[in-house]
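The values are calculated or read from the model by the stated rules, or taken from the named source; none is laboratory data. This one's a predicted model, so the numbers in the text were calculated from it and none came from an experiment. Here the Cβ is made from the backbone with ideal geometry for all residues, glycine too, and neighbour counts use every protein chain on show.
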Amino acid sequence: MHSKTVRGLIVCSTVGVGHNTLNSGELGLRNSKKMIEILELIDQGEKTLASSGKFGRFGGIFVPETLITCLKKLENEFNWALHDPEFQTELSIALKDYVGRETPLYFAKRFTNYYKNENGEGQEIYLKREDLTYSGAHKINNAIAQVMLAKRMGRKSIAATTGVGQHGVATAAACAKLGLDCTIFMGNIDNERQSSNVHSMKHLGAEVKSVAGTFKDATSEAIRNWTENLEGSYYLAGILVGPHPCPSMVREFQTVIEKETRKQAMEKWGEKLDVLVACVGSGSNALGLFREFVRDENARLI
Ligand SMILES: *Cc1c(COP(=O)(O)O)cnc(C)c1O
């Protein structure tokens, strides 16, 4: 009997994908219930809770009163940008010519062979090569779009926090393109550990500020810095943690991963992928990839 080829895709960023990813994720065996719950809540939130910006136990817009007006303004700007053809055209040109999209859907032949059983059976494994974007990770998909928004809102400077450094490099690269000042806040330990990324940020014209502590402390410092100049500066969230509308924006600007993946799969085989794997830190590439696939009964999301 002819059996259908099972095709899996892994979002590949700079770290690449190690064998552990597959072993611990049990390729293709389970759906992330929690992820689906989050996705559905966000969607529901957009429809019914949009005005309150609250998402049940997942949080929402829980910030000091002084920030509410600013975040509402940002939400309006974001909603406008989603439907503005001029913004969308400008964004797609930036993604193509500056970021270097679309990224290849790469057949990992040796990786595929490694996981075949004794009978030579297994899945075909593909990598979505986000590592080939300018600055080396999917972070720039979101960074460039948000810097464009900030610029439209008349902001002159961008502040961001980074842990490993990829979001910092992406933000610095986006600011360099659009001519905005850029300050990256990092915990001192990360700052020392990630010296090559710190070098890249500086090389791209960003100022890197070391904050005693970790990512969390650096984030508090960046937000404090932003509240001192709400009209002039912009806090650029790179992760799916933060007040509404930040997570919605990050997800939306990362869906380019999914749109391309669908298109490429259709072009290559005329059918969808069976298994989708994302490496989760805050969840931005996962949400960018799973956004619509989550409604696909047959797609297994890991
Ligand atoms: C940021 C990052 C991740 C995880 O972050 P998400 O927000 O979950 O996408 C994974 N791999 C690389 C290389 C990254 O830069």
Task: Entirely in segment 43-135, the helices (runs of 4 or more DSSP H) that have 1 or more residues that are of a type in the set (Asp, Glu) - done: 65-83, 85-94
Task: Sole exception among (1) crowded, with 23+ Cβ neighbours inside 10 Å; (2) within 16 Å of the ligand (Cβ to nearest atom); (3) among the aliphatic types (A, V, I, L, M) for Ala222, by number - done: (2)
Task: Out of Phe293, Phe253, sole residue that is surrounded by fewer than 24 Cβ atoms within 10 Å (Cβ to Cβ) and either within 16 Å of the ligand (Cβ to nearest atom) or of a type in the set (Val, Ile, Thr) (or both) - done: Phe293
Open item on the list: All but one of (1) of a type in the set (S, T, N, Q); (2) within 27 Å of Val11 (Cβ to Cβ); (3) modelled with pLDDT of 90 or more hold for Asn229; state the number of the condition that does not hold.
Closed with: (2)
- [ ] Select from segment 226-243 the residues that are more than 16 Å from the ligand (Cβ to nearest atom) and under 15 Å from Ala150 (Cβ atoms) and write down the one among them that is nearest to the chain's Cα centre (by Cα).
- [x] Tyr235
Task: Residues (assigned to a loop (DSSP other than H, G, I, E, B) and over 16 Å from the mean Cα position of the chain (by Cα)) located in segment 244-274 - done: Gly270, Glu271, Lys272, Leu273, Asp274
TODO: Give the residues of segment 244-268 that are in contact with a strand residue (DSSP E or B) (Cβ under 9 Å, 6 or more places away or on another chain), among the hydrophobic types (A, V, I, L, M, F, W, C) and under 20 Å from Ala150 (Cα atoms), sorted by residue number.
DONE: Cys246
- [ ] Return yes when Val275 is within 16 Å of the ligand (Cβ to nearest atom) and crowded, with 18+ Cβ neighbours inside 10 Å and no when it is not.
- [x] no
Open item on the list: Tell me whether segment 106-124 contains one or more residues that are among the hydroxyl-bearing types (Ser, Thr, Tyr) and either within 30 Å of Met201 (Cα to Cα) or within 16 Å of the ligand (Cβ to nearest atom) (or both).
Closed with: yes
